[in-house]
1. Each residue of segment 256-263 in order: what ³J(HN,Hα) in whole Hz does its phi give by Karplus 6.51 cos²θ - 1.76 cosθ + 1.60, θ = phi - 60°, with x for Gly and Pro?
2. Give me the angle, in degrees from 0 to 90, between the Cα long axis of helix 176-197 and the longest principal axis of the Cα atoms of the chain, rounded to the nearest 10.
3. Computed on alpha carbon atoms, what radius of gyration and Dmax characterise segment 227-286, expressed in Å?
4. How large is the direction-averaged shadow of the alpha-carbon convex hull of segment 1-49, in nm²?
5. Say the dipole of the chain comes from +1 at the beta carbon of Lys and Arg and -1 at that of Asp and Glu; which of Ser117, Trp148, Ile45 then lies farthest toward its positive end?
6. Mind ranking 364-371, 121-128 by how tightly packed they are, going by the mean number of other C-beta atoms within 10 angstrom, highest first?
7. With 10 Å bins from zero, work out the P(r) of segment 188-236 over every alpha carbon pair and list the percent per bin.
8. Specify which residue in the list Asn173, Tyr357, Cys302 is farthest towards the positive end of the charge dipole of the chain, using unit charges on the beta carbon of Lys, Arg (+1) and Asp, Glu (-1), about the Cα centre.
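The values are calculated or read from the model by the stated rules, or taken from the named source; none is laboratory data. None of the values given here were measured: they were computed from a predicted structure. Please note: Cβ atoms are built from the backbone with ideal geometry, for glycine as well, and neighbour counts cover all protein chains shown. Accessible surface areas use protein heavy atoms only, side chains included; no ligands, DNA or RNA. Shrake-Rupley method; radii C 1.70, N 1.55, O 1.52, S 1.80 Å.
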Amino acid sequence: MIATVAIIIMIIYLILIGSLTYGLDNVEEFKLQDIKSKTKFSVLIPFRNEAHNLPRLLDSILKLNYPKDLFEVILVNDDSEDDSVDTINKILDTKSSKKDFTRIDIKTIQNIRVSNSPKKDAITSAIKFSKHEWIITTDADCQLPKYWLETFDEYIQNKSLNCILAPVTYSSNSTFLNRFQTLDMLSLQAATIGGFGLHKPFLCNGANFAYRKLTFNIVNGFDGNTAIASGDDIFLLEKFKTQDPKKVAYLRSLKATVYTQPVSGFQQLIQQRLRWASKTSHNPNLFSKLLGLIIFMANLVCVILFPLVIFNLISSRIAIALLVIKFGIDFLLLFKIARFFKQENILLSFISSSLIYPFFNIFIVFLSLFKSYSWKGRTFRK
């Protein structure tokens, strides 16, 4: 009986992950065509205690290959307790800095808190202050590629859209913890793209997220989701889908890929994953909930396989077959997405990460049922 249940779970897992792999292949890579830029963007970047990351972010903004009169940058200070604001001012001050930001419309505003979600408040504050129709959000710990805005512009000119998602990945793979996080991030990106390829988008990353200000206002922004601290991305995606699912798209292009930093310690990783779990559990998307449940159950099967073999509740041959099924389909999905990001070298950590991940996943799921999480010096309830 136990063996039958385990086999059924793994078959369903194989079908679902296989479907995402199929969907991943269905989303074509977008190529730049070198057409004249015309879209005006408001780039919104909330920050809190990011003094060490802001110089890299601002340097990447300075290097953007896009007409300076076609975009503005709004940095939103969310009650930083470090030198973030001073760091920005020093970099932007042409008298004390070697970098010339005079041609870029860039400003810092204060977050206006009205809800339990600081980041949603920060984005809402910036949108009210913004001048342009297209909004793009990213994070303060990110680096933006040179042709970021140009790629978005050409994609917008080619399609009639209200909302665009684009790739995000980690830039540092120097330690095993970093590589573990990168593999996890790649799997999330693969699932995101795969969802679009199946016409069932369900994941979103606010570090590279664009939408029309008019559409944001039509769906009443974050209204209805402000009691949940996280989820500024997936809840807004669901609203945009409700407004017009045909005008929501994924921009698959390396030239539009934003690079961010993995967390530096295991405790930070736990807090980050608890934060992600808090928004996932409130996601109204049924496909997302089904996929999350099957992934959890498949990982649970992996965790209990050894005890089941020891107590002769399942044969070793079936146990090995189930592991081969899971690791095989996981590797196929990760190989395809790693090849897109040109991060194939990260697959050298696939086996070790795959042995650890089921235990990590089960641990986070159970911990999220009872524990609040801390993020950037604040504690939030689920």
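1. 9, 7, 8, 10, 10, 10, x, 5
2. Roughly 80 degrees between the two axes.
3. Taking only Cα atoms of segment 227-286, I get Rg and Dmax of 14.6, 41 Å.
4. 8.4
5. Result: Ser117, furthest along the dipole toward the positive end.
6. Descending packing order for the listed peptides: 121-128, 364-371.
7. 24, 48, 28, 0
8. Cys302
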